Amino acid sequence: MVRHILTLSTVLILAVPGISFSQITLQPFLSGLSSPVLVTNAHDGTNRLFIVQQGGTILVLQPGGAIPSTFMDITAKVVSGGERGLLGMAFHPEYSTNRRFYVSYTRTGDGASVIAEYKASAVNPNLGDTATERVLLVVAQPFANHNGGMIEFGPDGYLYISLGDGGSANDPGNRAQNINELLGKILRIDINTPPQIPYQSPPTNPFFGAIPGRDEIYAYGLRNMWRFSFDRNTGQLWGADVGQGQREEVDIITLGGNYGWRTYEGTLCTGLNPTQCGLPGFIPPITEYAHTGGRCSITGGYVYRGPTGALPAGNYVYADYCTGEIFLWNGTTAQMVLDTSVNISSFGEDESGEVYVTELGGTISKFVNPNPCPLPNPTGLAPSGIVATSQPAFTWSAVPNATDYVLLMIPTADAALATGPPTFVAATSNSYTPPAALPRFDYLWTVTARNPSCTANSFPPAQFFTIGGSCPLSAPALIGPIGTAPPSPTFTWSGVSTASLYFLLVVNAANSSVALQTVVATPSYTAPTPLPPATYIWAAIAFNSSCGGSPFSNVGSFVVQ
């Protein structure tokens with residue numbers, strides 16, 4: 001039977017050239033753990049890692065640390081083993097201020113799935129307070145397997161929850177297709193409620209209110225989506241649904257989507273709901289693989305967005321639990337890129353977007369880039385505009401794998417509108433403060449990252465700043481050129497009423513070299529010789545002999561083709 005589909009017009013994934021498949025490397029990160037099933041972070045700027053262990057403990061690892069400490073122990077509440085245990089953890093989007101986090105576990109006694117809220121200690125941020133438990137949701141489990149267990153906050157601020165189909169084999173209750181049951185679903189709930197209300201369902205959920213079906217359901221037709229994740233760039237929800245005995249699948253999960261189980265396993269008609277095969281309304285996986293070569297159970301991962309280039313940017317990483325193989329999906333094809341000998345229970349992300357691999361036997365590894373070149377350029381350069389001190393602190397974003405930085409600073413105009421020589425300064429961190437006061441000039445500055453094994457980087461676009469800013473002249477406003485310009489463009493800007501002269505500066509954006517600088521009496525100037533094809537940035541200042549120069553104008557840009 002041909003499987004009918006709901007159109008998925010575009011998979012929002014960008015494969016950026018970088019590391020090749022043959023260079024992908026896993027580096028040991030932690031060992032000596034007890035059945036780790038998740039590594040995650042709090043999104044709170046502390047760069048701590050949290051390790052969830054199936055038996056009921058959560059560990060916290062400080063940045064740069066080697067030995068984690070116990071964050072919380074709820075072993076007494078958890079029944080563990082097989083597909084049950086402490087299975088998921090998520091931090092409230094405002095965790096840094098409200099200390100609220102959430103766990104998914106299988107309850108001792110009746111084996112029900114529990115979603116509960118806790119708070120971190122008010123006096124020690126590295127401890128979870130077990131006395132603060134607030135149970136939000138309890139779902140009875142008819143069998144011991146297929147508990148799901150992943151929880152995560154989406155970009156919409158709601159909590160997403162994965163529940164398996166209830167277990168046994170072949171979904172004997174057909175629960176995944178039953179929209180009046182929560183099993184075999186992705187749920188979405190709003191936990192920002194008054195204390196007496198555990199949660200509410202968002203009104204945009206597909207079966208909310210008078211529409212038949214459970215209000216909590218976001219998507220359905222899932223067998224056991226053990227792990228899902230959100231692409232931190234696009235917000236897309238990616239999930240890996242564990243198959244019965246023939247196919248493992250990767251899905252893009254959308255609002256109200258029906259992913260086929262138990263009618264379909266991947267794209268195969270199971271024969272369990274024989275009258276439904278071939279009907280419209282089922283969403284197929286974006287990729288799948290068969291149970292060949294010992295493959296048996298998919299472990300979902302993340303779309304890689306890390307800064308070090310440890311994986312190809314925009315690729316989705318996932319694995320097979322039984323074979324230890326790790327795969328990448330680039331939006332078109334899937335490729336096995338590493339063949340390990342471990343049982344991969346999960347993947348995880350740190351705050352920067354680097355990806356980790358958890359192995360149920362007790363280790364965590366990290367994807368690393370064995371060749372850090374080329375280094376990305378620093379961003380967030382400051383200062384710019386008017387600064388009050390003659391010893392400003394220069395700051396920029398840290399670049400992974402950089403050994404040091406080179407800061408380039410050019411005084412662009414003094415009282416006589418002369419241009420000074422460039423100054424190069426080496427800095428070992430992502431900040432620099434001049435040891436002595438800078439002369440009162442207007443300055444152009446930029447910075448690049450270095451690593452001895454990499455060729456030199458070009459400088460990113462420069463920033464302008466003015467020391468003092470006491471001059472009463474206002475900055476000119478640029479008029480043109482903007483966009484594409486002829487080789488000999490005419491530069492125009494707004495006149496400043498009390499200005500007697502103007503200083504024009506044009507810089508090649510690729511290498512920060514000065515392409516044109518001149519002093520003119522009117523707010524217009526035509527380049528006397530053609531500029532080579534390139535992207536340029538430019539600015540102007542006004543000048544009056546009685547008070548000096550104005551701040552620089554805004555920075556314009558144009559392209560000569």
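The values are calculated or read from the model by the stated rules, or taken from the named source; none is laboratory data. Because the structure is predicted, anything quoted here is derived from the model rather than measured. Cβ coordinates were reconstructed from backbone atoms using ideal geometry, including for glycine residues, and neighbour counts include every protein chain displayed.
Tabulated data for the structure shown
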item: Filter pass, Val37 being closer than 25 Å to Gly306 by Cβ and either assigned to a strand (DSSP E or B) or touching a helix residue (DSSP H, G or I) at 6+ places or on another chain (Cβ under 9 Å) (or both); result: yes
item: Selected residue (only one of Trp238, Trp261, Trp226 is farther than 20 Å from Val317 by Cβ, hydrophobic (A, V, I, L, M, F, W, C) and surrounded by 19 or more Cβ atoms within 10 Å (Cβ to Cβ)); result: Trp261
item: Test result for Val138, of a type outside the set (Lys, Arg), free of Cβ contacts under 8 Å to residues at least 40 places away in the same chain and farther than 26 Å from Gly173 by Cβ; result: no
item: Any hit, the stretch 290-303, residues being in a strand (DSSP E or B), more than 26 Å from Ile151 (Cα to Cα) and in contact (Cβ under 8 Å) with a residue 40 or more places away in the chain; result: yes
item: Residues being within 13 Å of Arg84 (Cβ to Cβ) and surrounded by 15 or more Cβ atoms within 10 Å (Cβ to Cβ) - total across the stretch 100-138; result: 9
item: Residue within the stretch 239-261 that is under 29 Å from Tyr158 (Cα atoms) and basic (Lys, Arg) present; result: no
item: Residue satisfying all of: in the stretch 266-293; farther than 16 Å from Ala319 by Cα and hydrophobic (A, V, I, L, M, F, W, C); nearest to the chain's Cα centre (by Cα) among these; result: Ile283
item: Pairs where the first residue, in the stretch 94-118, is modelled with pLDDT of 95 or more and the second is in a helix (DSSP H, G or I) and not polar (S, T, N, Q), C-beta under 7 Å, 6+ apart; result: Phe101/Tyr95; Tyr105/Lys77; Arg107/Lys77; Thr108/Lys77
item: Single residue of the stretch 43-64 satisfying the filter (in contact with a Leu (Cβ under 9 Å, 6 or more places away or on another chain) and farther than 22 Å from Asn343 by Cα) that is modelled with the lowest pLDDT; result: Pro63
item: Count - residues of the stretch 126-154 that are over 20 Å from Gln53 (Cβ atoms) and outside any strand (DSSP E or B); result: 6
item: Extreme residue, modelled with the lowest pLDDT, among residues of the stretch 385-438 that are of a type in the set (A, V, I, L, M) and closer than 14 Å to Ser512 by Cβ; result: Ile410
